[in-house]
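The values are calculated or read from the model by the stated rules, or taken from the named source; none is laboratory data. The shown structure was predicted, so the numbers you read here are calculated from the model rather than taken from an experiment. Counting neighbours? That spans all protein chains shown, and the Cβs are built from the backbone with ideal geometry, glycine included. What goes into the accessible areas is simple: the full protein's heavy atoms, side chains included, and nothing from ligands, DNA or RNA. Shrake-Rupley method; radii C 1.70, N 1.55, O 1.52, S 1.80 Å.
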Amino acid sequence: MVTTNPALAELGGYPLARLQDLANELRADGQPLHDFSIGDPDEPTPRAIRDALTDAVGPVSRYPTAAGKRELREAVAGWVARRHGVTVDPDAHVVPSAGSKEAVFHLPLAVVDPQGPRRHVLFGTPGYPVYDRGTRFAGGTPDAVVLTPEDGWRLHLDDLPTERLQRACIAWLNYPHNPTGATADLSWYREQVAVAREHDLLLASDECYQELWFDQPAPSVLEACDGDLTGVLALVSLSKRSGMTGYRSGAIVGDPELIQRMRMLRPNVGTASPDFVQAAAIAAWNDQSHVDDRREVFRAKRDVMLPFLEAHDIEVSGSQATFYVWFRAPGGDDAAYAEALLGERIVASPGRAFGPGGEGWLRLALVPTVEGCRAAVTRWSEAIEAGRLPG
Ligand SMILES: Cc1ncc(COP(=O)(O)O)c(C=O)c1O
(Lines give C-alpha, C1' and ligand atoms only; values in the text may rest on other atoms or scores of the structure.)
Protein backbone atom coordinates (compact mmCIF):
# COMPACT_ATOMS: atom_id res chain seq x y z
CA MET A 1 0.00 0.00 0.00
CA VAL A 2 1.38 3.43 -0.98
CA THR A 3 1.87 5.71 2.04
CA THR A 4 -0.27 8.82 2.66
CA ASN A 5 1.05 12.24 3.59
CA PRO A 6 -0.20 12.66 7.19
CA ALA A 7 -1.28 16.22 6.35
CA LEU A 8 -3.65 14.81 3.73
CA ALA A 9 -4.91 12.05 6.01
CA GLU A 10 -5.78 14.61 8.72
CA LEU A 11 -7.91 16.78 6.47
CA GLY A 12 -11.09 15.01 5.52
CA GLY A 13 -13.01 16.62 2.66
CA TYR A 14 -12.98 20.30 1.74
CA PRO A 15 -15.49 21.86 4.20
CA LEU A 16 -18.19 22.98 1.78
CA ALA A 17 -18.00 19.98 -0.57
CA ARG A 18 -20.84 18.08 1.17
CA LEU A 19 -23.16 21.07 0.88
CA GLN A 20 -22.31 21.37 -2.80
CA ASP A 21 -23.16 17.70 -3.33
CA LEU A 22 -26.58 18.21 -1.70
CA ALA A 23 -27.18 21.35 -3.77
CA ASN A 24 -26.29 19.48 -6.96
CA GLU A 25 -28.71 16.68 -6.08
CA LEU A 26 -31.47 19.26 -5.64
CA ARG A 27 -30.53 21.06 -8.85
CA ALA A 28 -30.92 17.85 -10.83
CA ASP A 29 -34.75 18.12 -10.84
CA GLY A 30 -34.56 21.32 -12.90
CA GLN A 31 -36.53 23.46 -10.41
CA PRO A 32 -35.02 26.83 -9.36
CA LEU A 33 -32.38 26.60 -6.64
CA HIS A 34 -31.30 29.71 -4.71
CA ASP A 35 -27.63 28.94 -4.21
CA PHE A 36 -25.80 31.30 -1.83
CA SER A 37 -23.08 28.83 -0.91
CA ILE A 38 -19.93 29.33 -2.98
CA GLY A 39 -18.29 32.74 -3.50
CA ASP A 40 -18.37 32.70 -7.29
CA PRO A 41 -20.80 35.32 -8.59
CA ASP A 42 -22.84 35.09 -11.80
CA GLU A 43 -21.84 38.51 -13.21
CA PRO A 44 -19.85 38.37 -16.49
CA THR A 45 -16.17 39.33 -16.71
CA PRO A 46 -15.93 42.78 -18.36
CA ARG A 47 -15.66 42.61 -22.14
CA ALA A 48 -12.34 44.49 -22.37
CA ILE A 49 -10.69 41.94 -20.08
CA ARG A 50 -11.98 38.99 -22.09
CA ASP A 51 -10.81 40.66 -25.31
CA ALA A 52 -7.34 41.27 -23.85
CA LEU A 53 -7.09 37.55 -23.16
CA THR A 54 -8.21 36.31 -26.56
CA ASP A 55 -6.11 38.93 -28.41
CA ALA A 56 -3.04 37.63 -26.58
CA VAL A 57 -3.37 34.00 -27.66
CA GLY A 58 -0.54 33.67 -30.17
CA PRO A 59 0.32 30.90 -32.63
CA VAL A 60 3.29 29.68 -30.58
CA SER A 61 2.98 28.67 -26.94
CA ARG A 62 5.87 29.25 -24.51
CA TYR A 63 6.38 28.52 -20.83
CA PRO A 64 5.54 31.59 -18.73
CA THR A 65 8.01 32.69 -16.04
CA ALA A 66 7.27 32.79 -12.31
CA ALA A 67 8.36 36.45 -12.16
CA GLY A 68 5.73 37.28 -14.80
CA LYS A 69 5.81 40.05 -17.39
CA ARG A 70 7.23 43.35 -16.20
CA GLU A 71 4.13 45.08 -17.59
CA LEU A 72 1.98 43.02 -15.22
CA ARG A 73 4.14 43.85 -12.20
CA GLU A 74 3.96 47.51 -13.24
CA ALA A 75 0.17 47.31 -13.51
CA VAL A 76 -0.04 45.87 -9.98
CA ALA A 77 2.35 48.54 -8.64
CA GLY A 78 0.30 51.22 -10.40
CA TRP A 79 -2.91 49.97 -8.78
CA VAL A 80 -1.26 49.83 -5.32
CA ALA A 81 -0.14 53.46 -5.77
CA ARG A 82 -3.55 54.69 -6.98
CA ARG A 83 -5.68 52.67 -4.60
CA HIS A 84 -3.52 52.74 -1.46
CA GLY A 85 -1.13 55.64 -1.98
CA VAL A 86 1.86 53.34 -1.44
CA THR A 87 4.83 53.32 -3.82
CA VAL A 88 6.21 49.87 -4.59
CA ASP A 89 8.94 48.81 -7.01
CA PRO A 90 7.53 46.38 -9.63
CA ASP A 91 10.75 44.36 -9.58
CA ALA A 92 11.59 44.28 -5.89
CA HIS A 93 8.17 44.30 -4.23
CA VAL A 94 5.79 42.39 -6.54
CA VAL A 95 5.48 38.78 -7.69
CA PRO A 96 2.40 37.58 -9.61
CA SER A 97 0.35 34.63 -8.38
CA ALA A 98 -2.25 32.37 -9.94
CA GLY A 99 -4.99 33.87 -7.76
CA SER A 100 -4.55 34.14 -4.02
CA LYS A 101 -5.51 30.60 -3.02
CA GLU A 102 -2.33 28.98 -4.25
CA ALA A 103 -0.27 31.88 -2.87
CA VAL A 104 -1.86 31.38 0.58
CA PHE A 105 -1.15 27.67 0.30
CA HIS A 106 2.45 28.01 -0.89
CA LEU A 107 3.65 30.92 1.25
CA PRO A 108 4.40 28.73 4.33
CA LEU A 109 6.72 26.60 2.16
CA ALA A 110 9.05 29.59 1.94
CA VAL A 111 8.85 30.43 5.65
CA VAL A 112 8.06 27.47 7.92
CA ASP A 113 11.01 25.48 9.26
CA PRO A 114 9.28 22.17 10.15
CA GLN A 115 12.00 21.26 12.68
CA GLY A 116 12.43 24.77 14.11
CA PRO A 117 10.99 26.23 17.33
CA ARG A 118 8.83 28.74 15.42
CA ARG A 119 6.80 26.45 13.20
CA HIS A 120 3.35 27.65 14.30
CA VAL A 121 1.13 29.72 12.02
CA LEU A 122 -1.56 32.01 13.46
CA PHE A 123 -4.89 32.73 11.77
CA GLY A 124 -8.44 33.56 12.81
CA THR A 125 -11.43 31.23 12.74
CA PRO A 126 -14.10 31.15 11.49
CA GLY A 127 -12.00 31.72 8.38
CA TYR A 128 -10.79 30.61 5.00
CA PRO A 129 -9.57 27.00 5.41
CA VAL A 130 -6.39 27.35 3.35
CA TYR A 131 -4.36 29.12 6.09
CA ASP A 132 -4.64 25.90 8.09
CA ARG A 133 -4.15 23.57 5.16
CA GLY A 134 -1.10 25.32 3.68
CA THR A 135 0.51 25.28 7.12
CA ARG A 136 0.05 21.53 7.52
CA PHE A 137 1.44 20.63 4.12
CA ALA A 138 4.50 22.81 4.82
CA GLY A 139 5.14 20.82 8.02
CA GLY A 140 4.00 23.65 10.29
CA THR A 141 1.49 23.65 13.14
CA PRO A 142 -1.78 25.54 12.66
CA ASP A 143 -2.65 27.81 15.59
CA ALA A 144 -6.24 29.03 15.21
CA VAL A 145 -7.40 32.08 17.15
CA VAL A 146 -11.17 32.06 17.67
CA LEU A 147 -12.75 35.34 16.59
CA THR A 148 -15.87 36.76 18.23
CA PRO A 149 -18.68 39.15 17.32
CA GLU A 150 -17.82 41.24 20.40
CA ASP A 151 -14.44 42.00 18.80
CA GLY A 152 -16.02 42.64 15.40
CA TRP A 153 -14.52 39.31 14.21
CA ARG A 154 -11.09 40.95 14.32
CA LEU A 155 -7.86 39.14 15.20
CA HIS A 156 -5.90 41.06 17.85
CA LEU A 157 -2.31 39.86 17.99
CA ASP A 158 -1.65 41.92 21.11
CA ASP A 159 -4.24 39.87 23.03
CA LEU A 160 -2.19 36.70 22.54
CA PRO A 161 0.30 35.52 25.15
CA THR A 162 3.94 36.21 24.28
CA GLU A 163 4.83 32.51 24.09
CA ARG A 164 2.13 31.97 21.46
CA LEU A 165 3.56 34.81 19.37
CA GLN A 166 7.12 33.59 19.88
CA ARG A 167 6.47 30.08 18.63
CA ALA A 168 4.85 31.35 15.40
CA CYS A 169 6.48 32.45 12.15
CA ILE A 170 3.44 33.75 10.23
CA ALA A 171 0.26 35.57 11.28
CA TRP A 172 -2.49 35.65 8.65
CA LEU A 173 -4.91 38.57 8.46
CA ASN A 174 -7.94 38.64 6.18
CA TYR A 175 -10.00 41.84 6.05
CA PRO A 176 -12.52 42.37 4.58
CA HIS A 177 -13.14 38.97 6.08
CA ASN A 178 -14.46 35.69 4.75
CA PRO A 179 -16.91 34.45 6.05
CA THR A 180 -18.18 37.34 8.21
CA GLY A 181 -17.72 40.34 5.91
CA ALA A 182 -16.10 42.20 8.83
CA THR A 183 -13.70 45.06 8.10
CA ALA A 184 -10.62 46.49 9.81
CA ASP A 185 -9.37 50.08 9.88
CA LEU A 186 -5.91 51.53 9.49
CA SER A 187 -5.22 51.93 13.21
CA TRP A 188 -5.96 48.23 13.73
CA TYR A 189 -3.52 47.36 10.92
CA ARG A 190 -0.88 49.57 12.57
CA GLU A 191 -1.32 47.67 15.84
CA GLN A 192 -0.85 44.31 14.11
CA VAL A 193 2.24 45.55 12.24
CA ALA A 194 3.77 46.74 15.52
CA VAL A 195 3.16 43.41 17.30
CA ALA A 196 4.39 41.37 14.34
CA ARG A 197 7.60 43.42 14.14
CA GLU A 198 8.23 43.17 17.86
CA HIS A 199 8.04 39.37 17.63
CA ASP A 200 9.67 38.83 14.20
CA LEU A 201 6.51 37.41 12.68
CA LEU A 202 5.67 37.58 9.00
CA LEU A 203 2.39 39.48 8.76
CA ALA A 204 0.59 38.07 5.71
CA SER A 205 -2.57 39.93 4.77
CA ASP A 206 -5.02 38.19 2.44
CA GLU A 207 -6.77 41.14 0.79
CA CYS A 208 -8.74 39.49 -1.97
CA TYR A 209 -12.03 41.25 -0.99
CA GLN A 210 -10.51 44.68 -0.71
CA GLU A 211 -12.46 46.29 -3.54
CA LEU A 212 -15.82 45.06 -2.25
CA TRP A 213 -16.39 47.79 0.33
CA PHE A 214 -19.62 49.74 0.75
CA ASP A 215 -19.10 52.53 3.28
CA GLN A 216 -15.47 53.48 2.96
CA PRO A 217 -12.57 51.98 0.97
CA ALA A 218 -10.96 49.07 2.81
CA PRO A 219 -7.33 49.86 3.71
CA SER A 220 -4.35 47.59 3.01
CA VAL A 221 -1.71 46.48 5.47
CA LEU A 222 0.71 48.20 3.06
CA GLU A 223 -0.72 51.57 4.15
CA ALA A 224 0.14 50.81 7.77
CA CYS A 225 3.86 50.34 7.10
CA ASP A 226 4.89 53.98 6.62
CA GLY A 227 7.18 53.09 3.73
CA ASP A 228 9.00 50.19 5.43
CA LEU A 229 7.55 46.90 4.15
CA THR A 230 9.85 44.68 6.23
CA GLY A 231 8.06 41.55 7.42
CA VAL A 232 4.79 42.41 5.64
CA LEU A 233 3.13 40.89 2.58
CA ALA A 234 -0.27 41.68 1.02
CA LEU A 235 -1.93 39.07 -1.20
CA VAL A 236 -4.17 40.68 -3.79
CA SER A 237 -6.41 39.09 -6.40
CA LEU A 238 -8.46 39.85 -9.48
CA SER A 239 -10.98 37.10 -8.75
CA LYS A 240 -13.49 39.18 -6.81
CA ARG A 241 -12.32 42.62 -7.91
CA SER A 242 -12.79 42.02 -11.62
CA GLY A 243 -15.01 38.92 -11.85
CA MET A 244 -12.03 36.76 -12.88
CA THR A 245 -12.29 33.71 -10.61
CA GLY A 246 -11.67 31.39 -13.56
CA TYR A 247 -8.59 33.27 -14.82
CA ARG A 248 -6.51 32.62 -11.68
CA SER A 249 -4.59 35.86 -11.30
CA GLY A 250 -3.33 37.85 -8.35
CA ALA A 251 -0.09 39.07 -6.81
CA ILE A 252 2.00 39.10 -3.65
CA VAL A 253 3.25 42.57 -2.71
CA GLY A 254 5.60 43.63 0.08
CA ASP A 255 8.92 42.91 1.81
CA PRO A 256 11.61 42.64 -0.92
CA GLU A 257 13.51 39.90 0.92
CA LEU A 258 10.37 37.75 1.18
CA ILE A 259 9.40 38.50 -2.44
CA GLN A 260 12.86 37.31 -3.43
CA ARG A 261 12.23 34.07 -1.51
CA MET A 262 8.90 33.60 -3.29
CA ARG A 263 10.70 34.11 -6.59
CA MET A 264 13.08 31.31 -5.64
CA LEU A 265 10.27 29.00 -4.51
CA ARG A 266 7.69 29.55 -7.20
CA PRO A 267 9.54 28.27 -10.30
CA ASN A 268 9.51 24.88 -8.52
CA VAL A 269 5.74 24.92 -8.12
CA GLY A 270 4.54 25.43 -11.69
CA THR A 271 1.92 28.10 -10.99
CA ALA A 272 3.18 30.80 -13.39
CA SER A 273 0.21 32.39 -15.19
CA PRO A 274 -0.03 31.84 -18.95
CA ASP A 275 0.92 34.93 -20.97
CA PHE A 276 -2.67 35.45 -22.18
CA VAL A 277 -3.96 35.45 -18.61
CA GLN A 278 -1.29 38.01 -17.75
CA ALA A 279 -2.50 40.16 -20.67
CA ALA A 280 -6.04 40.06 -19.28
CA ALA A 281 -4.72 40.84 -15.80
CA ILE A 282 -2.84 43.91 -17.08
CA ALA A 283 -6.10 45.21 -18.61
CA ALA A 284 -7.95 44.54 -15.35
CA TRP A 285 -5.48 46.19 -12.96
CA ASN A 286 -5.25 49.25 -15.23
CA ASP A 287 -8.99 49.91 -15.15
CA GLN A 288 -11.01 50.93 -12.12
CA SER A 289 -14.40 51.78 -13.63
CA HIS A 290 -15.55 48.15 -13.98
CA VAL A 291 -14.68 47.63 -10.31
CA ASP A 292 -16.89 50.52 -9.27
CA ASP A 293 -19.71 49.10 -11.43
CA ARG A 294 -19.36 45.66 -9.83
CA ARG A 295 -19.45 47.17 -6.36
CA GLU A 296 -22.81 48.76 -7.16
CA VAL A 297 -24.21 45.40 -8.27
CA PHE A 298 -23.26 43.85 -4.94
CA ARG A 299 -24.63 46.85 -3.10
CA ALA A 300 -27.97 46.27 -4.83
CA LYS A 301 -27.97 42.62 -3.67
CA ARG A 302 -27.19 43.67 -0.10
CA ASP A 303 -30.03 46.14 -0.31
CA VAL A 304 -32.33 43.16 -0.95
CA MET A 305 -30.92 40.80 1.71
CA LEU A 306 -30.16 43.05 4.68
CA PRO A 307 -33.62 44.67 5.03
CA PHE A 308 -35.20 41.22 4.66
CA LEU A 309 -33.15 39.78 7.55
CA GLU A 310 -33.79 42.87 9.65
CA ALA A 311 -37.54 42.69 9.02
CA HIS A 312 -37.54 39.15 10.42
CA ASP A 313 -35.36 40.06 13.43
CA ILE A 314 -32.56 37.86 12.19
CA GLU A 315 -29.31 39.24 13.67
CA VAL A 316 -26.68 40.29 11.16
CA SER A 317 -23.05 40.68 12.28
CA GLY A 318 -19.97 41.83 10.33
CA SER A 319 -21.30 42.12 6.76
CA GLN A 320 -19.81 45.60 6.22
CA ALA A 321 -17.84 44.54 3.12
CA THR A 322 -17.25 41.55 0.76
CA PHE A 323 -20.20 39.87 -0.95
CA TYR A 324 -20.98 37.87 2.19
CA VAL A 325 -23.80 38.38 4.65
CA TRP A 326 -23.28 36.71 8.04
CA PHE A 327 -26.31 36.11 10.20
CA ARG A 328 -27.18 34.32 13.44
CA ALA A 329 -29.14 31.09 12.97
CA PRO A 330 -32.74 31.53 14.12
CA GLY A 331 -33.12 28.77 16.71
CA GLY A 332 -29.36 28.81 17.35
CA ASP A 333 -28.23 25.78 15.32
CA ASP A 334 -26.51 26.71 12.04
CA ALA A 335 -26.44 23.17 10.66
CA ALA A 336 -30.16 22.63 11.40
CA TYR A 337 -31.07 26.00 9.88
CA ALA A 338 -28.97 25.32 6.74
CA GLU A 339 -30.79 22.01 6.36
CA ALA A 340 -34.20 23.65 6.82
CA LEU A 341 -33.27 26.28 4.21
CA LEU A 342 -32.27 23.49 1.81
CA GLY A 343 -35.83 22.19 2.20
CA GLU A 344 -36.90 25.57 0.76
CA ARG A 345 -34.32 25.21 -2.04
CA ILE A 346 -32.12 27.92 -0.51
CA VAL A 347 -28.46 27.03 -0.01
CA ALA A 348 -26.54 28.88 2.72
CA SER A 349 -23.30 27.79 4.38
CA PRO A 350 -23.42 26.79 8.05
CA GLY A 351 -20.83 28.83 9.98
CA ARG A 352 -19.24 25.73 11.51
CA ALA A 353 -17.86 24.85 8.07
CA PHE A 354 -15.45 27.79 8.55
CA GLY A 355 -14.00 26.49 11.80
CA PRO A 356 -14.41 27.09 15.54
CA GLY A 357 -16.39 30.23 16.35
CA GLY A 358 -18.63 29.82 13.32
CA GLU A 359 -21.19 27.62 15.10
CA GLY A 360 -24.57 29.31 15.39
CA TRP A 361 -24.00 31.55 12.34
CA LEU A 362 -24.57 31.19 8.59
CA ARG A 363 -23.00 32.78 5.54
CA LEU A 364 -24.83 33.92 2.44
CA ALA A 365 -22.59 34.50 -0.59
CA LEU A 366 -24.45 37.04 -2.73
CA VAL A 367 -23.79 35.18 -5.95
CA PRO A 368 -27.27 35.00 -7.52
CA THR A 369 -28.32 38.05 -9.53
CA VAL A 370 -30.34 40.86 -7.90
CA GLU A 371 -33.45 39.20 -9.32
CA GLY A 372 -32.30 35.87 -7.92
CA CYS A 373 -31.85 37.47 -4.48
CA ARG A 374 -35.39 38.88 -4.66
CA ALA A 375 -36.82 35.50 -5.61
CA ALA A 376 -34.98 33.81 -2.72
CA VAL A 377 -36.22 36.40 -0.25
CA THR A 378 -39.80 35.84 -1.43
CA ARG A 379 -39.48 32.09 -0.89
CA TRP A 380 -37.74 32.52 2.47
CA SER A 381 -40.41 34.99 3.73
CA GLU A 382 -43.19 32.61 2.71
CA ALA A 383 -41.53 29.78 4.62
CA ILE A 384 -41.19 31.92 7.77
CA GLU A 385 -44.78 33.13 7.51
CA ALA A 386 -46.04 29.58 6.99
CA GLY A 387 -44.08 28.48 10.08
CA ARG A 388 -41.83 26.09 8.12
CA LEU A 389 -38.76 28.10 9.21
CA PRO A 390 -38.15 29.90 12.51
CA GLY A 391 -38.01 33.66 11.87
C1 LIG B 1 -10.30 34.68 2.16
C2 LIG B 1 -10.01 34.14 0.82
N3 LIG B 1 -8.74 34.12 0.40
C4 LIG B 1 -8.42 33.65 -0.82
C5 LIG B 1 -9.39 33.16 -1.67
C6 LIG B 1 -8.97 32.62 -3.00
O7 LIG B 1 -9.27 33.51 -3.99
P8 LIG B 1 -8.55 33.48 -5.41
O9 LIG B 1 -7.57 32.35 -5.39
O10 LIG B 1 -9.62 33.28 -6.39
O11 LIG B 1 -7.84 34.80 -5.51
C12 LIG B 1 -10.73 33.17 -1.28
C13 LIG B 1 -11.75 32.64 -2.18
O14 LIG B 1 -12.91 32.55 -1.93
C15 LIG B 1 -11.04 33.67 0.00
O16 LIG B 1 -12.30 33.69 0.44
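Can you tell me the accessible area per residue over the chain, all protein chains present, probe 1.4 angstrom, in square angstrom?
42
Restricting to the stretch 84-182, compute how many DSSP beta bridges are antiparallel as a %, nearest 5.
0
Pick from Gly243, Gly12, Gly116 the residue whose mean-square fluctuation is largest in a GNM of the chain, springs joining Cα atoms under 10 Å.
Among Gly243, Gly12, Gly116, the largest mean-square fluctuation in the Gaussian network model of the chain belongs to Gly12.
Report the antiparallel proportion of the DSSP beta bridges in the chain as a percent, rounded to a multiple of 5. Each step should come with its number before you reach the end.
Details: 19 of 38 bridges.
Antiparallel bridges: around 50 percent, rounded to the nearest 5.
Rank Arg133, Arg70, Arg119 by mean-square fluctuation in a GNM of the chain with C-alpha springs under 10 angstrom and give only the top-ranked residue.
Highest fluctuation among the options: Arg70.
Kindly work out what percent of the DSSP beta bridges joining two residues of the stretch 60-285 are antiparallel, to the nearest 5.
The antiparallel proportion sits near 35 percent.
Which length gain, in nm to one decimal place, applies between Ala28 and Met1 when the Cα-Cα distance is subtracted from 0.36 nm times their residue separation?
6.0 nm
Which order, highest average first, do 247-254, 77-84, 361-368 follow once you tally other Cβ atoms within 10 Å for each residue and take the mean per peptide?
Numbers: 247-254: 26.6, 77-84: 18.8, 361-368: 24.8.
The most tightly packed comes first, giving 247-254, 361-368, 77-84.
Please report the net charge: other residues with Cβ closer than 10 Å to the Cβ of Leu238, K and R +1, D and E -1.
The answer is +2.
Cβ under 14 Å from Ala338's Cβ, Ala338 left aside: what net charge do those residues give with Lys, Arg +1 and Asp, Glu -1?
-2
What would the Debye formula give as log10 I(q)/I(0) at q = 0.13 Å⁻¹ for the alpha-carbon point model of the stretch 1-155, no solvent?
-1.05
Straight-line reach from Lys69: which aspartates and glutamates fall under 17 Å, measuring Cα to Cα and dropping same-chain residues less than 8 apart?
Those aspartates and glutamates meeting the cut-off are Asp55, Asp89, Asp91, Asp275.
In angstroms, what radius of gyration and Dmax does the stretch 135-195 have, counting Cα atoms only?
In Å, with Rg to one decimal and Dmax whole: 12.3, 33.
Tell me, what % of the accessible area of the chain is carbon and sulfur with a 1.4 angstrom probe?
Working: 8410 of 16330 Å².
Reported share for carbon and sulfur atoms: 51 percent.
So if I take the centroid of the Cα atoms in the stretch 338-355 and the same for the stretch 356-391, what is the distance between those two points in Å?
If we compute the Cα centre of each part, the gap is 9 Å.
If you take the Cα Rg of the stretch 221-297 and divide it by 2.2 N^0.38 Å, with N the number of residues, what do you get? The partial results should precede the final answer.
On the way: Rg = 14.4 Å, N = 77, 2.2 N^0.38 = 11.5 Å.
It is 1.25.
If you build the convex hull over the alpha carbons only and average its shadow over all orientations, what do you get for the stretch 85-150? Give it in nm² to one decimal.
For the stretch 85-150, the mean projected area of the Cα convex hull comes to 6.7 nm².
For the stretch 1-31 and the stretch 60-102, what is the separation of their Cα centres, given in Å?
33
In whole Å, what are the Cα extents of the stretch 60-285 along the three principal axes, biggest one first?
55, 44, 30
With viscosity set to 1.002 mPa s at 20 °C, what whole-number translational diffusion coefficient in µm²/s follows for the chain from Stokes-Einstein and a Kirkwood radius over Cα pairs?
For the chosen part, D equals 99 µm²/s.
Near Lys301, which lysines are there with a Cα under 25 Å away, not counting those fewer than 8 places off in the same chain?
Of all the lysines, those that pass the test against Lys301 - Cα under 25 Å, at least 8 places apart if same chain - are Lys240.
Sequence gap at least 6, Cα distance under 8 Å: using those rules, report the relative contact order of the chain to the nearest whole percent.
Relative contact order, the chain: 23 percent.
What figure in square angstrom, to the nearest 10, would you give for the accessible area of His93 with a 1.4 Å probe?
Accessible area, nearest 10 Å²: 40 Å².
Leaving ligands, DNA and RNA out of it, rank Thr245, Thr230, Thr322 by accessible area with a 1.4 Å probe, largest first. Show your work: numbers first, answer last.
Values: Thr245 40, Thr230 80, Thr322 0 Å².
Ranked from most to least accessible, the order is Thr230, Thr245, Thr322.
Quick check: net charge around Leu16, other residues with Cβ under 14 Å of its Cβ, Lys/Arg +1 and Asp/Glu -1?
Net charge around Leu16: +1.
Let me have the 222 nm mean residue ellipticity of the chain computed from DSSP H runs of 4+ only, each contributing -39500 (n - 2.57), with the sum over all residues rounded to the nearest 500.
Helix contribution divided over all residues of the chain: -11000 deg cm²/dmol.
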